[in-house]
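A.B. asks: One structure coming up, written as structure tokens, with questions to follow.
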Amino acid sequence: MSRGCRETEYRGGFTLIEVLVALAIVVLALGSLLEIFSTSLRGVRRAEAYTEAVLLAESKLAAMGIETPLEEGGQRGRFDDRFRWRTTVRPFTHRPDAIRKEDSLAAYEVDITVLWGTGKEDRSVSLTTVRLVPPR
């Protein structure tokens, strides 16, 4: 018995629509992964800059009163093209009873702020300490 139409053979494989849907899913997944990766890199860069700023501030603060004489007022400067600093030195007056006149020491509050970034998104870290020095 012969048939008027031939049956088509089924060949295994994907249709064009299935390939396009799979490709769209892969593109969306890769886009999300790249966004997560770039956000992580920005976070790492921010953490590195913050750590470097803290180290620079600690270094500058350690030099105040030893390498650089303590003088009331403020100063500004640059560490390099990326980081800049400003210091403020003022008499320590929060606890006047803590430092007695007969101790022969003067107390100064020393603030240092390290700044970095562009003008729009400046970031900063500030450290404060109290230094005791012999009066002049």
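The values are calculated or read from the model by the stated rules, or taken from the named source; none is laboratory data. Keep in mind that this is a model prediction, so the values were computed, not measured. Counting neighbours? That spans all protein chains shown, and the Cβs are built from the backbone with ideal geometry, glycine included.
A.B. asks: Go through the stretch 1-44 and give me each residue that's among the polar types (S, T, N, Q) and modelled with pLDDT of 90 or more. Explain how you work it out, then say what you get.
C.D. replies: First, the residues of the stretch 1-44 that are among the polar types (S, T, N, Q): 2, 8, 15, 32, 38-40.
Selection gives S32, S38, T39, S40.
To keep it simple, each residue is scored yes or no on (1) among the β-branched types (V, I, T); (2) at pLDDT 85 or above; (3) within 22 Å of E52 (Cβ to Cβ).
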| site | (1), (2), (3) |
| --- | --- |
| G73 | no, yes, no |
| W85 | no, yes, yes |
| Y108 | no, yes, no |
| I112 | yes, yes, yes |
| P134 | no, no, no |
